[in-house]
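The values are calculated or read from the model by the stated rules, or taken from the named source; none is laboratory data. Everything numeric in this text was worked out from a predicted model, so none of it was measured. Cβ: placed from backbone, ideal geometry, glycine included. Neighbour counts: every protein chain shown. To get the accessible areas, we keep the full protein, side chains included, count just its heavy atoms, and leave off ligands, DNA and RNA. Shrake-Rupley method; radii C 1.70, N 1.55, O 1.52, S 1.80 Å.
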Amino acid sequence: MSIETIRLSQQAKDQLIRIKRATGIQNWNVICRWAFCISCQEPSTPAPIRIVTDSSVEMKWNVFGGEFQEIYLALLKQRIKNDGMDIDEETLSSQLKLHLHRGIGYLASKVSNKQISDVSGLFSILPNSDV
C-alpha cells in the first residue's frame, strides 16, 4: 500500500502561503508534515468532508515524507486503525487528505491570530512539547 501523489485544495494552498510568510519556512512539504502530525495528535477523527483538490499544489509522497516517509505512513496507518477503520488504499488516501487539510487549517488559524511568528512558534503550539 502506498500513496503516490498528494493534492491540495485552493483554500489549503492559500493557507500554506500565509503560513510560509509568517514562519519563514521555505518548503510547503515541511509545513504539510507539521500539519499532518498536528492533526494526528488530535483525539477526534477529522470530519469526513469532501475536499476538492482544485489547486496547483501537488507533491509526490516521497517529497512529503522525505527520509521519514515510512514513519509518516506508519503513523497514518496507526491512526486509521485507532479510529476503527480498515486500512486500504482509499482510506489511506482520504484520511491523509483529511488530516492534512485539518492540520493546515489549524496552523493557518494560529497565523491569523498571530500566534506563530517564527519556526519556534510551531513548537509551542504542540501540547506537552519539550522542544
State whether one or more residues within region 47-66 are open to solvent by 20 Å² or more (accessible area, probe 1.4 Å), of a type outside the set (A, V, I, L, M) and either modelled with pLDDT of 95 or more or touching a Gly at 6+ places or on another chain (Cβ under 9 Å) (or both).
no
Please specify each residue of region 13-64 satisfying the condition of being among the aromatic types (Phe, Trp, Tyr) and under 20 Å from SER109 (Cα atoms).
TRP28, TRP34, PHE36
Yes or no: ASP83 on the phi < 0 side of the Ramachandran plot, modelled with pLDDT under 95 and either of a type in the set (Asp, Glu) or open to solvent by 60 Å² or more (accessible area, probe 1.4 Å) (or both)?
no
Select from region 1-43 the residues that are assigned to a loop (DSSP other than H, G, I, E, B) and open to solvent by 70 Å² or more (accessible area, probe 1.4 Å) and write down the one among them that is farthest from LEU73 (Cα to Cα).
GLN26
